[in-house]
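Inspection log for the structure reproduced underneath, given as structure tokens.
The values are calculated or read from the model by the stated rules, or taken from the named source; none is laboratory data. Just so you know, these numbers come straight off a predicted model, no measurement behind them. Glycine also receives a Cβ, built like all others from the backbone with ideal geometry; neighbour counts cover every protein chain displayed. For accessibility, only protein heavy atoms count, side chains too; no ligands or nucleic acids. Shrake-Rupley method; radii C 1.70, N 1.55, O 1.52, S 1.80 Å.
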Amino acid sequence: MNAADFPILTTLIVIPAVAAIMCLFLRADGARLIALIATLFNLILGVWLWASYDPSYGQWQFQESVMLFGPVGWKLGIDGISLMLIMLSLFLMPICIGASWRAITDRVGEYMAAFLFMESLMIGVFAAQDLLLFYIFFEAGLIPMYLIIGIWGGKDRIYAAYKFFLYTLLGSVLMLIAMLWMIQQAGTADIPTLLNHDFPPEAQTWLWLAFFASFAVKMPMWPVHTWLPDAHVQAPTAGSVILAGVLLKMGGYGFLRFSLPMFPEASAQLIYLVFVLSMVAVVYTSLVALVQKDMKKLIAYSSVAHMAIVTVGLFAFNQQGIEGAIIVMLSHGLVSGALFLCVGVIYDRLHTREIDRYGGLSINMPKYALFFMLFTMASVGLPGTSGFVGEFLALAGTYQVSTWATLICATGIILGAGYMLYLYRRVAFGEQKNEDAAAMPDLNRRELWLLAPIAAVVLWMGVYPESFLRPIRADVSKIVERIDRAAPDGDSALLADDPAMKGYRVQRAEHGDKEGSAH
């Protein structure tokens, strides 16, 4: 039976929602078991969805449509980009449940329900094909994360939860106003239709800025990134995993789904705004990460730097850059989630995230040191890991537009090696100065089961990235074809009418057409 024979996307959304309601009425052990079963079952359905997806068929597959009220309809469907982000969500969610198995002891049913509701909402964001339905899913996802930070977080959890909620909510108000104008102007809320609608160039700038206000906070981009370190530090381990792994990717997905294809002229006009903010983010947050004493804060600032590579790749206006940005999003979701899990492992034993409290853990925790090293190398971008593939493609695409942006963003790789290797050396190597750290036991069976699947996928993506590039290639080609008419020439062209540059643009367009027909 093919996945297209029944509403699989609705099923993926409904299963965790039903399980969440069940968890509210169960005791702790029952809630844990139901949450794990529901997320694993959803993961199996997701694998089936991936196996049934045909990259050569067309952009929108597994479509479902039921009109609800007014202009809002229950319209779902996916392309390859949505598929990859849905799979990332489905893959990380059982790991988050496992990471919370013993760490969360208070109000376990409500905690598991919050995570399950969040899974439903995340899948809804990536599958929605109605503008207002997307907005509902996009904004509703704030509520479970707000509760997870505010109830089960650290000592400053209330401050961090309010800051997270207000930052992300205020930016989205402008996006809602822009959406209502778009529906009125185009006469539809259908996203596939809007993707081919040409909005007036004079209105595109305002629409782009309204969407940017929401997506820039969600990414998060400098200077609206300040909510992220506080949220990560105060959130429980699983909350940090899903926040870094999936929720940050909603901003990048928004740029891909709305800003670039719907407002191509505005995107080209404001490309250097994105580049400047991204360049500052890479250098500034990397330098800030170098001086951090809290492991979670260091990884949080590194997330801002990595997501800046995503934004420059997305706005490179070419196949390489956009494909690289998507792979960076997937890789960062896995690697940052794994790094937060590694922090959670030793925090559960010693109840501190202060880097100086550790040292020499490779002696008494060799398995932990091995996994931590792999994820550190992937974060740095070592060839053979997922981090290398995405960053190489994103920067190669950016180089076609701006040499300076590429050079400055490439310093993030050097600085990233600096702060990540410095972190690893202080935690895993050196002298064991603290007896309590030296007495910590190595990974148990549950922790091995949490880290091993992520390690396998990180290596899989690094060794054979075609598995992840094939589903998105045709959809990226469609985006490039849509935005190519507005693509900037880049700072490599000496004159706007440079014959060599014109020949390059013609050759690139022809190459794109050939790629589109081949796939």
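Exactly one residue out of Met377, Met373 is open to solvent by 10 Å² or more (accessible area, probe 1.4 Å), of a type outside the set (Gly, Ala, Ser), over 30 Å from Ala474 (Cβ atoms) and touching a Gly at 6+ places or on another chain (Cβ under 9 Å): that is Met377. Report whether or not Phe126 is modelled with pLDDT of 90 or more, open to solvent by less than 10 Å² (accessible area, probe 1.4 Å), touching a strand residue (DSSP E or B) at 6+ places or on another chain (Cβ under 8 Å) and within 21 Å of Pro261 (Cβ to Cβ). Spelling it out, Phe126 is indeed modelled with pLDDT of 90 or more, open to solvent by less than 10 Å² (accessible area, probe 1.4 Å), touching a strand residue (DSSP E or B) at 6+ places or on another chain (Cβ under 8 Å) and within 21 Å of Pro261 (Cβ to Cβ). Of everything listed in (1) surrounded by fewer than 21 Cβ atoms within 10 Å (Cβ to Cβ); (2) not in a helix (DSSP H, G or I), the single unmet condition for Leu209 is (2).
The single condition among (1) more than 25 Å from Thr411 (Cβ to Cβ); (2) open to solvent by less than 10 Å² (accessible area, probe 1.4 Å) that Lys367 does not satisfy is (2). For the range 164-223, the candidate set comprises residues that are among the polar types (S, T, N, Q) and within 22 Å of Ala281 (Cα to Cα); within that set, the residue that is farthest from the chain's Cα centre (by Cα) is Ser172.
Taking the range 454-508 as the search range and keeping residues that are assigned to a helix (DSSP H, G or I), at pLDDT below 70 and not charged (D, E, K, R), which one is most open to solvent (accessible area, probe 1.4 Å)? The extreme case among them is Gln507. Based on what the data block shows, is Thr352 of a type outside the set (Gly, Ala, Ser) and outside any helix (DSSP H, G or I)? Yes: the conditions hold for Thr352. The number of residues in the range 392-409 being open to solvent by less than 20 Å² (accessible area, probe 1.4 Å) and not hydrophobic (A, V, I, L, M, F, W, C) comes to 4.
For the range 410-429, the tally of residues that are farther than 13 Å from Leu382 by Cβ and surrounded by fewer than 21 Cβ atoms within 10 Å (Cβ to Cβ) stands at 9. Just one of the numbered conditions (1) without any contact (Cβ under 8 Å) to a residue 60 or more places away in the chain; (2) surrounded by 21 or more Cβ atoms within 10 Å (Cβ to Cβ) is not true of Leu170: (2).
Only a single item in (1) without any contact (Cβ under 8 Å) to a residue 40 or more places away in the chain; (2) closer than 18 Å to Leu374 by Cα is not met by Arg445, and it is number (2). Test Trp222 against the criterion of being surrounded by fewer than 22 Cβ atoms within 10 Å (Cβ to Cβ) and touching a Phe, Trp or Tyr at 6+ places or on another chain (Cβ under 8 Å), and give yes or no. Taking the combined requirement at face value, the residue does not satisfy it.
Yes or no: the range 108-124 includes at least one residue that is more than 30 Å from Ala235 (Cα to Cα) and touching a Leu at 6+ places or on another chain (Cβ under 7 Å). For the range 108-124, residues more than 30 Å from Ala235 (Cα to Cα) and touching a Leu at 6+ places or on another chain (Cβ under 7 Å): absent.
Name the residues in the range 73-87 that are open to solvent by 10 Å² or more (accessible area, probe 1.4 Å) and out of contact with any Ser or Thr (no Cβ under 6 Å at 6 or more places or on another chain), would you?
Let us first name the residues in the range 73-87 that are open to solvent by 10 Å² or more (accessible area, probe 1.4 Å), namely 74-75, 87.
Correct list: Trp74, Met87.
Would you please name the residue that is nearest to Phe468 (Cα to Cα), looking only at residues in the range 26-44 that are under 22 Å from the mean Cα position of the chain (by Cα) and buried (at least 16 other Cβ atoms within 10 Å of the Cβ)? It comes out as Leu43.
Taking (1) among the polar types (S, T, N, Q); (2) surrounded by fewer than 19 Cβ atoms within 10 Å (Cβ to Cβ); (3) over 30 Å from Gly154 (Cβ atoms) in turn, Gln61 satisfies each apart from (2).
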